[in-house]
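Reviewing the structure listed below.
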Amino acid sequence: MSGASRPNILFAFADDWGRYASAYRQVEGDDTPNFLIETPNFDRIAREGVLFTNAFVPAPSCTPCRSSVLTGRYFWQTGRGAILQGAVWDESIPSWPLMLEESGYHIGHTYKVWGPGTPPNAPYGGERTAYNTAGVHFGDYSHHVTRRREEVGLKEARQEMLDEVRGNFDAFLAARPEDAPFAYWWGPTNTHRTWERGSGHALYGLEPDQLQGRLPAYLPDVPEIREDFCDYLGECLAVDMGLGILIERLEELGEMDNTFIVVSGDHGIPGMPRGKCNMYDQGSEVGLAMRLPKEIPPQRIVDDLVNIMDLAPTFLEAGGVKPPAEAAARSLMPLLRSGGHGQVEADRDHVVIGRERHVAGARDGYLPYPQRAIRTRDYLYIRNYAPDRWPMGDPRGLDDPELSPPPYEQLCRDTFACYADMDASPTKAWMIHHRGEAEVAASFQLGFGKFPAEELYSVRDDPHHLVNLVERPELQEMRRELSEKLEGILRQNRDPRLSEGDCSFDLAPFAGPLSD
């Protein structure tokens, strides 16, 4: 495939952005938080291409997920890329950006690609391919606009942020060799904590009380949590506005229809129980839309269960590069080109998810919280390999409801005060301060308590995964079937978690204190 005939690639990959876009209202109705927002730019990509309704991450933690997306390998196959804090990139592992660059693509990135990890953004060329000369403030949109609006007004403060997005993209395009296709990774961090409290209403006009009755069932439906969720949705809108600038620029250049646009995120909402760092859908399900008019028939909704690590071979196939044979992921290009709706490829009927270490010091001994899960259309089955450990990190005594917690404001800002695998947030602070109340105790236990060795949920009947069915006699055959299928996939892909004796993920360098 010649350089001139190969499509450009624009990958918009937002940090901590779950499945929050107005396009999803057509498949989920108005009884979810998506009722509150309009995301016209994501919706356009979905409308003019393909909207995926069952897209999941390989790991609901930034670095491990990104290691998989960059390589097409399961996170446990990426060396120290399998953990968050303490991650080190193994340069012997091929990544699709560098493979595309070797084939003649002009590659570049803005904001976050891979990390935290050492060297920063190594699988995308590191600082050599970074384009941030116009600024790196867009990820702090709510803080910046809140501060600047007092000086220049809201409209101008917003425009400064959008001009930064355009300026960085223009710098990348200006460095492009003549006739070379490009691959640009735009990695906004807006939806990663922290953001300005009350910004959902102040900057976007969102009304928190419109979320009443629409929050996930395991969250207390109180004003403080509704406002926190609303502020997060405001950051989703900021991401969509930035995406709109990139689309507008492509149209000005006449490159829109020759650019493969893919929009997704690396895991679910942060600072919320059962979100980020969890196998539940709130933590592991993400939005995904793709557009390439020359090859992808438009106006399609696809229900196949997709692991977003499949994007690695997809990008390579789109660019005319053969994916590495050792990668577990499979290209989505045949599905995209098929024109099919609903379930397109019958064997895309499950995804495998897992995690090891997120925050290094979340538990005594710097240990991970090892989990693996298989999600099908009907069930979610989870294996918790160390049920004696605290999933969200050690409570630092706060499992005792009689113990006074740290100050509310500290819990809003200091992730490491307790339960360190859940980001600091007003929701976390409120639930810890109210954990002793009878009406909060069940929600608190679901979000912060220990998990059993096995969990099984009916996705259709229990979408928020509230009732563990693993002991139900009538479901024992299903439990065994899912357990065996999961274990078979893990063994086939050489997951160290199934090795006999001490698992390497419980040992240095995957566990233990961070080195200087």
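The values are calculated or read from the model by the stated rules, or taken from the named source; none is laboratory data. Remember, it's a predicted structure, so these values are computed and weren't measured experimentally. Methodologically, a virtual Cβ is constructed for each residue, glycine included, from the backbone with ideal geometry; neighbour enumeration extends over all protein chains shown. Just the protein is used for accessible areas: all its heavy atoms, side chains included, with ligands, DNA and RNA removed. Shrake-Rupley method; radii C 1.70, N 1.55, O 1.52, S 1.80 Å.
Which is part of a helix (DSSP H, G or I) and over 28 Å from GLU255 (Cα atoms), of ARG149, ARG158? First the steps, then the outcome.
Working: ARG158 fails: over 28 Å from GLU255 (Cα atoms).
Of ARG149, ARG158, the one residue that is part of a helix (DSSP H, G or I) and over 28 Å from GLU255 (Cα atoms) is ARG149.
If I filter the stretch 126-141 down to residues being out of contact with any Ser or Thr (no Cβ under 9 Å at 6 or more places or on another chain) and open to solvent by 20 Å² or more (accessible area, probe 1.4 Å), which single residue comes out as nearest to SER264 (Cα to Cα)?
The selected residue is HIS137.
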* In the stretch 312-329, what count of residues is obtained for those that are part of a loop (DSSP other than H, G, I, E, B), without any contact (Cβ under 8 Å) to a residue 40 or more places away in the chain and under 15 Å from ILE9 (Cβ atoms)? -> 0
* Asked: Across the stretch 236-287, what is the number of residues that are acidic (Asp, Glu) and more than 20 Å from ILE308 (Cβ to Cβ)?
  -> 5
* Structure fact -> Of those in the stretch 213-246 that are over 24 Å from GLY436 (Cβ atoms) and not in a helix (DSSP H, G or I), the residue nearest to the chain's Cα centre (by Cα) is ARG214
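Check ILE37, ILE93 and return the single one that is surrounded by fewer than 23 Cβ atoms within 10 Å (Cβ to Cβ) and in contact with a Leu (Cβ under 6 Å, 6 or more places away or on another chain). Steps first, answer last, please.
Details: ILE93 fails: in contact with a Leu (Cβ under 6 Å, 6 or more places away or on another chain).
Checking each option against the conditions leaves just ILE37.
Across the stretch 495-505, which residue is farthest from GLU356 (Cα to Cα) among those that are open to solvent by less than 60 Å² (accessible area, probe 1.4 Å) and out of contact with any Pro (no Cβ under 7 Å at 6 or more places or on another chain)? Before you say what the answer is, go through the steps one by one.
If we filter the stretch 495-505 for residues that are open to solvent by less than 60 Å² (accessible area, probe 1.4 Å), which is where we start, we get 495-499, 503-505.
If we keep only those that are out of contact with any Pro (no Cβ under 7 Å at 6 or more places or on another chain) too, we end up with 495-496, 498-499.
On the way: ASP495: 12, PRO496: 11, LEU498: 13, SER499: 15 Å.
Checked the stretch 495-505; the qualifying residue farthest from GLU356 (Cα to Cα) is SER499.
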* To do: Show the residue pairs that are 6+ apart or on different chains and have beta-carbon atoms under 6 Å apart, the first residue being within the stretch 432-453 and closer than 12 Å to ASP399 by Cα, the second being surrounded by fewer than 20 Cβ atoms within 10 Å (Cβ to Cβ) and modelled with pLDDT under 95.
  => ARG435/PRO401; GLY436/PRO401
* To do: Could you grab me the full set of residues in the stretch 360-385 that are aliphatic (A, V, I, L, M) and more than 21 Å from VAL57 (Cβ to Cβ)?
  => LEU367
* Structure fact -> Only one of (1) over 29 Å from THR314 (Cβ atoms); (2) modelled with pLDDT under 95; (3) touching a helix residue (DSSP H, G or I) at 6+ places or on another chain (Cβ under 7 Å) does not apply to GLY135, and that is (2)
